[in-house]
Amino acid sequence: MDSEKTNINLWVNRFFFVNYLLMLINVFSFTTLTEGSGIAANAFSFATTIAYALVYLIPAGLVIAIAKTLTKILLIRDKTYARIFIYFISILTLTLSHLVILVDRTIYKMYGFHFNGFVWNILTTKGGIESLGFDYGAYLVAAGATVGFIIAEILILIVCIKWNNFKISRTSKLPHYLRISMPYIAGLMFIAQGISFGVSSYSGCSSILVRSYTFPFYLPITFKRVLSNLEFEPYKSTALRTKQSKNLALNYPLKKIRQCPDSTKYNIVWLVAESLRADMLNPEVMPQTYKFAQKNQWFLNHYSGGNGTRKALFSMFYGLYGNYWDAFLNEQRSPVIMDLLQNNGYQMELYTSARFTYPEFDKTLFSKVPKDKLHEQPTSIGWKSDRENVAKMLQFISDRNTNIPFMSFLFFESPHARYYFPPECAIKKNYLKNFNYATTNLTKNIDLIHNRYINSCYHLDTQLARILNYLKREKLLDTTIVIITGDHGEEFMEHGHWGHNSAFVEQQIKTPMIIHVPGMKPKRYTKMTSHLDIAPTVMHLLGVENPSEDFSLGIDMLSDKERKYTIISDWDSLAYRDDKYKIVLPLKASALGNIITTANDEKVKDSSSVYYQEQRNLIQVFCESGEFTKKKH
């Protein structure tokens, strides 16, 4: 019996080892799907391939181990059935492991991202695969490939079992030593690639960060706290570094930007407020901004590109969905709208009452802007920082070279929790005086907290008015594009949440949107618009001749085009919203379900039929989510 068990273990281990060699080839194929080279990147890819070829087989190994244990408990008396059972499980699980990686490689090659919940929904929904362009012929090919894999695995297993019958059995010790050392080598490579990634993440080595994105289900490991304690200096991006960091994985823009040579170089004042939801723009809470909206382009059905600041501002400046964030951060790639302004010689001074380093806007949105042009004013009291930043912005505009166009950006913190404001801005007298996160009962005090928020928005209005009045007084509105919006909204338990970043309900994703365009007659727009549309709109006003789809997923808000749907992002999901429904699509394989409601966040009885009805648009979103990270040809 012991000899029989030893033989089974020997054959299964040998079979597993051969599959590891095959998985090495399978995983190595991913390294051909990204551009860029270098000793560090190639060494990282080598170590990751060695390590992850084993990582991807761990689930199969665990199932095989469980099967072997079951044979001891249930099938111990029948050795033949025990062997058949173990061999069947081994063939099935290892075949499935290879197929998963191959399917992921196909998806990555076509769309630029790995297997996730979104892909799962497409593959498991009726008509989903056909919508991607696959027909019955594709099913036959897939079935044939699966059968071929199973047959190949059976043949490999037979060879492993009969290995000692071959004349080359004298050399069998070499594979044995390799089998014994395989997990140790893979473990060392896992540690090596993990350290490489952690150091690169801290130091900004884009080539390694981009390579890591190539591997499916990659587990990022960072050492920020350790390296910081050891007094290593974190990487600070520069224009030179960005210029040298060529597009390794990004395909952005899709075509070279063309600008009409005699286009008007408008000044730009870009004003964004933290957590400013759409319903705050009314005569009571924001009277002066409300008057300004009535005299300009006012978009009444506008949505953020994220329910948090990171993805919201990313969508605003790039015109792309939030799932692209990591790729752009890894490559320190600035948006084409900022490239355009800098190429046109714009004077720039940018201000925030938070920080440019977190989220990492200094490595994305403003990665090419010199650091001395990025002014932070992060204090515990947002309204004071806002006032100081407004003063600095107006001073910059006053001192500028009037012969050169300027661009200035200001991020306000007044409406950020815990919603601070000076006493004179308390238009709601009944508000929560002491707001402590740890001790405040949200359910009981939510109305009083909401009143704090209203008061902070009123203070925001006073600061926006300072800027608008100055521009009017100096007659700069005749030559300046002014943008006023919020990064995202804020919920006050309307759907069981407080704040933002927690759900895609209307209160968290709908923001005000005002654009002042010199010489344009006032107009109210009820069509759906998005932060995705801001960059294309401004770029066309500046004379860019490319259609919006060459560099973004947005549209020109001032054109006659209307969007059928919009996309809002968070860390793990994309939320699809059209005029009827809202569907939350997970981006991680660990979250394979989706949430479906009406557009106004009401429950839907038959969610499966809704997903089927919206499938054509969802397929389009699926393709758009990888359009700008495909490998260049």
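Other residues whose C-beta falls under 10 angstrom from the C-beta of Val12 contribute a net charge of +3, scoring Lys and Arg +1 and Asp and Glu -1.
Close amide H pairs (under 5 Å, H built 1.01 Å from N) link His302 with Thr511, Thr529, residues at least 5 positions away or on another chain.
Once the chain from Glu474 to Thr146 is taken as fully extended at 0.36 nm per residue, the excess over their C-alpha distance is 110.9 nm.
Rounded to the nearest whole Hz, the Karplus-based 3J(HN,Hα) values (6.51 cos²θ - 1.76 cosθ + 1.60, θ = phi - 60°) of the stretch 62-69 follow the sequence 5, 5, 4, 4, 5, 4, 5, 5, with x at glycine and proline.
Couplings 3J(HN,Hα) for the stretch 22-29, derived from phi with the Karplus relation 6.51 cos²θ - 1.76 cosθ + 1.60 (θ = phi - 60°), are 5, 5, 4, 5, 4, 6, 4, 4 Hz, where x marks Gly and Pro.
Indicate the gyration tensor shape class of the stretch 348-460 (rounded, prolate or oblate), computed on the Cα atoms with a ≥ b ≥ c the square roots of the eigenvalues: a/c under 1.5 is rounded; otherwise a/b larger than b/c is prolate and the rest oblate. Prolate, since a/c reaches 1.5 and a/b exceeds b/c.
Remark: Cys160, Cys457, Cys425, Cys260 ranked as Cys260, Cys425, Cys160, Cys457, counting other beta-carbon atoms within 10 Å and listing the fewest first. Place a point 7 Å from Cα of Asp579 in the direction of its Cβ. Which residues in the stretch 292-311 have their backbone N less than 17 Å from it? Zone members listed by number: 300-303. In terms of other Cβ atoms within 10 Å, Thr289, Thr69 run from fewest to most in the order Thr69, Thr289. Under the convention that each Lys and Arg Cβ holds +1 and each Asp and Glu Cβ holds -1, the size of the dipole of the stretch 270-563 around its Cα centre is about 800 debye.
At a Förster distance of 45 Å, what's the computed FRET efficiency of Asn445 paired with Ile185, Cβ-Cβ distance as r, to 0.05?
0.15
Here the residues Tyr184, Tyr218, ranked from fewest to most Cβ neighbours within 10 Å of their Cβ, fall in the order Tyr184, Tyr218.
What pairs from Lys295/Lys363; Lys433/Lys523; Lys373/Lys475; Lys428/Lys580; Lys295/Lys561 go past 28 Å between their alpha carbons? Intermediate results must be reported in sequence, preceding the final value.
Working: Lys295/Lys363 36 Å; Lys433/Lys523 40 Å; Lys373/Lys475 25 Å; Lys428/Lys580 35 Å; Lys295/Lys561 22 Å.
The pairs that break the limit, which is 28 Å between Cα atoms, are Lys295/Lys363; Lys433/Lys523; Lys428/Lys580.
Values quoted throughout were computed directly from the atomic coordinates according to the rules given, and no laboratory measurement underlies them. Everything numeric in this text was worked out from a predicted model, so none of it was measured. So basically every Cβ, Gly included, is an ideal-geometry build from the backbone, and we count neighbours across all protein chains shown.
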